[in-house]
Amino acid sequence: MAELAQAVSLSESVRRPFWRCSGFWEALALAALATWLYLPILTHLVAQWWADPNFSHGFFVPAFSLFLLWQRRAKLREIEPQPSSWGLPIVVGSLCLLILGIFGAELFISRISLLVLIAGMTIFFRGWRTFRVVLFPLVFLVLMVPLPAIVFSQITFPLQILASKLSAWLLPFLGVPVFREGNVINLPAMPLEVAEACSGIRSLLSLITLAIMYGYLLEERVAVRIALALASIPIAVAANGLRIVGTGLLVQYWDPDKAEGFFHAFSGWLIFVVSLLILFVLHKCLNLLAHRKEAAA
């Protein structure tokens, strides 16, 4: 009899509309307050995605996170809410980060505080089991937040030098004598400057994001997913170096004016597609290697 009553109560809780669930209206009120607090920050974030090509991949990140949550909707429904008071200090900490970011004029901290707030609200209203299910989609959202300017410059300049060195090393093998001065490659036809836009940071950030998405959708082994994400870094750097080599050959043997304009933009897209193909081939090679090991075992 007790089992029957428990089954009836369980079926009633499943059929109960979501607006009658425990804590729904409290969560809705807190979500409305969070929207009011973070609306200017989110508006500025979207505007930066639109205006800055280095972070235009940010549009795809929240869409993919929502897709992951939609995939896990059945698992989320099965989890019985177990609110934890540990979520409250996390929520308070996120608000402190928000205040610190606003008064310190640091957009990165203000934006990250939103993700901390979502984590705290999830734990406070739904519990740790729900938090574990949504952890990866939540962590993936970090990729939508542009890097702080000081960190961005610390990454960009070494990439410029690395791309310059790689190009200056390869061009002589193709019959083009060069003399490198920092990030400037002096060709017989004209000097070629590896500017910040040519550092490869744009393709690097985009390729890392796509590598994580690709690994999650097409690979079940966590080790291979991590390997694909890490491999995207040298692939992006090498591809950008080859792009600069191609530009140098274009300048030397065809027309220096072709280094800018359509051919310059087209080469960027072409090299990015080649990077994706290299990532795909690497994945196939890893699968082939794993199959051979299994066959040998």
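The values are calculated or read from the model by the stated rules, or taken from the named source; none is laboratory data. Please read these numbers as outputs of a predicted model, since none were measured by experiment. Positions of Cβ are generated from backbone atoms using ideal geometry, with glycine treated the same way; all protein chains shown enter the neighbour counts.
Listed values, structure above:
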item: Residues (β-branched (Val, Ile, Thr), over 30 Å from Ile185 (Cβ atoms) and either in contact with a strand residue (DSSP E or B) (Cβ under 8 Å, 6 or more places away or on another chain) or surrounded by 15 or more Cβ atoms within 10 Å (Cβ to Cβ) (or both)) located in region 133-164; result: Val133, Val134, Val145
item: Contacts under 6 angstrom Cβ, first residue in region 231-245 being in the same structural domain as His283 (by TED's automatic domain parsing), partner among the polar types (S, T, N, Q) and surrounded by fewer than 20 Cβ atoms within 10 Å (Cβ to Cβ), 6 or more apart; result: Arg243/Ser267
item: Criterion violated by Ala168 - all others in (1) in contact with a Gly (Cβ under 7 Å, 6 or more places away or on another chain); (2) assigned by TED's automatic domain parsing to the domain that holds Ala238; (3) among the aliphatic types (A, V, I, L, M) satisfied; result: (1)
item: Subset of region 80-108 (residues that are part of a helix (DSSP H, G or I), among the aromatic types (Phe, Trp, Tyr) and either surrounded by fewer than 15 Cβ atoms within 10 Å (Cβ to Cβ) or in contact (Cβ under 8 Å) with a residue 60 or more places away in the chain (or both)); result: Phe103
item: Residue match in region 14-34 (condition: modelled with pLDDT of 85 or more and within 30 Å of Ser206 (Cβ to Cβ)); result: no
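Residues checked against (1) surrounded by fewer than 20 Cβ atoms within 10 Å (Cβ to Cβ); (2) among the polar types (S, T, N, Q); (3) at pLDDT 80 or above; (4) not in a helix (DSSP H, G or I):
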| site | (1), (2), (3), (4) |
| --- | --- |
| Ser206 | no, yes, yes, no |
| Glu220 | yes, no, yes, yes |
| Ala236 | no, no, yes, no |
| Val274 | yes, no, yes, no |
| Leu277 | yes, no, yes, no |
